[in-house]
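One structure is given here, and the rest of the page talks about it.
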Amino acid sequence: MVGESKFSLFGLINGLILCCIGIATVYPILYILAISLSDTASVVQGQVTLFPKGINLDAYMEVLKDTRIPRAYLNTIFYTGLGTFINLLVTSIAAYPLSRPDFIWRKYWMFGIVLTMFLNPGIIPNYIIVNTLGLTDSVWALVIPNAIWTMELIILKSFYENMSAQVREAALIDGASEYRILFNILIPLSKPALASIGLFYFMGHWNSFFLPLIYLNEQSLYPLQVVLRDMLIFNDGSGPGLVDAAALAPQAKKNATIVLSMIPVLMIYPFVQKYFAQGVMLGSEKG
Amino acid sequence: MAQRKLMFLVPFIIIGRRRDVPNPSADKGITLNKPSLLSRITASFMRTLKHMKRDRQLLLLFLPCLIFYIIFRYGPLYGLIIAFKDYSVFEGIIGSKWVGLKHFVRFFSSNDFLLLFKNTLALGFFTLIFGFPVPILLAISLNELRVKWLKKSIQTFTYLPSFLSVVIISSMVIDFLSPSSGLVNKLIAALGFEKIYFLIMPEWFRTIYVVSDIWALMGYEAIIYLAAIAGINPTLYEAARVDGSGRLRSMWHITIPSLMPTILILFIMKTGSMIRIGYEKVLLLYTPTTYEVADVFSTYVYRKGLVEANYSYAAAVGMFEALVAMIMLLSANFISRKAGGKGLW
């Protein structure tokens, strides 16, 4: 902001502290990567600290041989793809009427929707509704009950609102139907906002662990996060208790599984960082 | 838009007038000027119908959203009545027997109640007290960092963990603290101390929970503050510099006061949701030996309700938690407004 000397004492100390923080945040992730690539002997002897020793892909091979993990991976991809698609579709449609200032009973709709952010009945009533509707043990239990996140709906609604009303007016005068305005004009114009909320939906599905845990009973339906938890943490609160779960499974294989589950996220990360920050901002303004 | 809205009212205004034209034979026009109640209701009904007809396409687009909110957001609220019933899967929500406050009485008189209350408050309080200032400090010091590329990369690093799932974060915690292979214990051993079984020791649980929370979330929350800092008028800094203020002083007198509204609002929100513990992580990190400090309302609800299938009892506990959370949010908002600041609403 101001052209001061870069080498003040304060700046130096500040920079050093921040570097430490930066290292502290990435180091655990790099460590996991290093373990997953190292050979068993070096891992057991504890020689791996930052760089992998005896680089090989054995651990990954082992993970792929484990029947549970590839299937869980495919499940997660399927749930995430379908879920995010439905989220985006429903949200982008629902936000349009709400963005119209003259939409009938708009005030009451908005009140009813915002109110749900403050009323949270908890796990059990949600479970009972989903169970009563017979959605459990299917992908729909993960997709339908969370088809709209209120925060993302409000974000998109305000994005539509900010888009020039004239575009809409002009289209209306040209005789375009509301459907055409929405699908042919508004949605293509709101790609940045859709990318932002889509990212949050995507992350929500990819990292979802609790909902599949309670709604899916069949092992073959488990997504990656649930399998990871069974593998890595081994603690459902009913067993004799974990003394040292980390010792139970081979380190390299565990870490390889973690890395595999992080790969899609880390791959999109550089590209979506912008949308992520934007989404956080929009959310906080509306919140 | 506003004009369009008035336009379609025009016919009604005209019709209304025509009907209200004072009868020349009766001179007391005051009462006659008011249309009868019935005609007013009819008129407003017709108006609504007209409005609905005009908005039929929008209403159709809105329908899925409406159904979703009714079933999946208001349905569970209705489902809460099972807290006053003995819910059984076969009899359904409506068919189950009413039992009044039985479950609440049972919960409040059990030993679990005080313990859960204490644990939930303690965990929430520590997370708030230690976790809240970190993103602010991070944002302020990132803002003071003048080396562009370093600032960018540290920012990138710090919000990377918010992309990781709670399962991965928990398993990293378990891995790093493991007595046999964890880095932390290796370090402790190298310094000549005895290994610590962190995860089965109740006295460590809160520390582990809070520290891993800060690690995972500080970057994410700093984004909001960074954006608020970016919105501060640069001329303020210029003026301060001309007046001979150093960077520390500018930070203290400009950056921090300018951030105050944001800080306050986030603080209210955080206080309001203080007892909404990230139960997923507790669920992943606690063990029977640490239940005495780690068990919170929501994990208890999960165990009682979904593991042991005591739906009604668990719903009662969950309802109590929701009520406490709501009271806390309302009072945080109230206090902030009384103190002269802005509330959320």
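The values are calculated or read from the model by the stated rules, or taken from the named source; none is laboratory data. Note that the structure is predicted; figures quoted are calculated from it, not measured. Here Cβ is always computed from backbone atoms with ideal geometry, including for glycine, and neighbour counts include all displayed protein chains.
Given the criterion in contact with a helix residue (DSSP H, G or I) (Cβ under 9 Å, 6 or more places away or on another chain), in a helix (DSSP H, G or I) and modelled with pLDDT under 90, identify the matching residue among A:E62, A:E4.
Going through A:E62, A:E4 in turn, just one is in contact with a helix residue (DSSP H, G or I) (Cβ under 9 Å, 6 or more places away or on another chain), in a helix (DSSP H, G or I) and modelled with pLDDT under 90: A:E62.
If I filter region B:274-291 for residues that are outside any helix (DSSP H, G or I), closer than 30 Å to A:T116 by Cβ, more than 18 Å from the chain's Cα centre (by Cα) and within 8 Å of chain A (Cβ to nearest Cβ), do I get at least one hit?
To start, the set of residues in region B:274-291 that are outside any helix (DSSP H, G or I) comprises B:274-278, B:286-287.
Narrowing the set further to residues that are closer than 30 Å to A:T116 by Cβ leaves B:274-278, B:286.
After this cut, where a residue has to be more than 18 Å from the chain's Cα centre (by Cα) as well, the list is B:286.
Of the ones still in play, those that are also within 8 Å of chain A (Cβ to nearest Cβ) are B:286.
Yes - at least one qualifying residue is present in region B:274-291.
Consider B:Y237 against the criteria (1) under 30 Å from B:A325 (Cβ atoms); (2) surrounded by 16 or more Cβ atoms within 10 Å (Cβ to Cβ); (3) not hydrophobic (A, V, I, L, M, F, W, C): it satisfies all of them except one. Which criterion is unmet?
Among (1) under 30 Å from B:A325 (Cβ atoms); (2) surrounded by 16 or more Cβ atoms within 10 Å (Cβ to Cβ); (3) not hydrophobic (A, V, I, L, M, F, W, C), the lone unmet condition for B:Y237 is (1).
Name the residue that is nearest to the chain's Cα centre (by Cα), counting only residues in region B:145-180 that are over 21 Å from A:F200 (Cα atoms), assigned to a helix (DSSP H, G or I) and β-branched (V, I, T).
B:V173
State whether the residues of region B:182-191 include one that is in contact with a helix residue (DSSP H, G or I) (Cβ under 7 Å, 6 or more places away or on another chain) and either facing chain A (nearest Cβ under 8 Å) or surrounded by 22 or more Cβ atoms within 10 Å (Cβ to Cβ) (or both).
Checking region B:182-191: at least one residue is in contact with a helix residue (DSSP H, G or I) (Cβ under 7 Å, 6 or more places away or on another chain) and either facing chain A (nearest Cβ under 8 Å) or surrounded by 22 or more Cβ atoms within 10 Å (Cβ to Cβ) (or both).
With respect to A:S177, determine if the residue is surrounded by fewer than 20 Cβ atoms within 10 Å (Cβ to Cβ), over 30 Å from A:L260 (Cα atoms), within 11 Å of another protein chain (Cβ to nearest Cβ) and modelled with pLDDT under 90.
yes
Which one of these does B:S273 not meet: (1) surrounded by fewer than 22 Cβ atoms within 10 Å (Cβ to Cβ); (2) closer than 28 Å to A:L232 by Cα?
The number of the failed condition is (2).
For the structure I just gave you, tell me whether B:I232 is under 30 Å from B:E203 (Cβ atoms) and either assigned to a loop (DSSP other than H, G, I, E, B) or not β-branched (V, I, T) (or both).
Here the answer is no, as B:I232 does not meet what is asked.
In region A:157-166, which residues are within 13 Å of chain B (Cβ to nearest Cβ) and either surrounded by fewer than 15 Cβ atoms within 10 Å (Cβ to Cβ) or touching a His at 6+ places or on another chain (Cβ under 9 Å) (or both)?
Residues satisfying the conditions are A:E161, A:S164, A:A165, A:Q166.
Suppose the filter is assigned to a helix (DSSP H, G or I), crowded, with 20+ Cβ neighbours inside 10 Å and more than 8 Å from chain A (Cβ to nearest Cβ); does B:S312 pass it?
For B:S312, the condition - assigned to a helix (DSSP H, G or I), crowded, with 20+ Cβ neighbours inside 10 Å and more than 8 Å from chain A (Cβ to nearest Cβ) - is met.
Could you please find all residues in region B:287-334 being within 18 Å of B:L114 (Cα to Cα) and among the acidic types (D, E)?
B:E292, B:D295, B:E321
Can you tell me which residues in region B:238-260 are at pLDDT below 85 and outside any helix (DSSP H, G or I)?
Of everything in region B:238-260, those that are at pLDDT below 85 and outside any helix (DSSP H, G or I) turn out to be B:G244, B:S245, B:G246.
Condition check ((1) of a type in the set (S, T, Y); (2) at pLDDT 90 or above) across all residues:
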{"site": "B:A228", "(1), (2)": "no, no"}
{"site": "B:T262", "(1), (2)": "yes, no"}
{"site": "B:I268", "(1), (2)": "no, no"}
{"site": "B:I275", "(1), (2)": "no, no"}
{"site": "B:Y311", "(1), (2)": "yes, yes"}
{"site": "B:G318", "(1), (2)": "no, yes"}
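For a quick check of your reading: which helices (runs of 4 or more DSSP H) sit entirely within region B:51-101 and have at least 2 residues that are touching a helix residue (DSSP H, G or I) at 6+ places or on another chain (Cβ under 9 Å) and closer than 17 Å to A:V114 by Cα?
Correct list: B:56-68, B:75-79.
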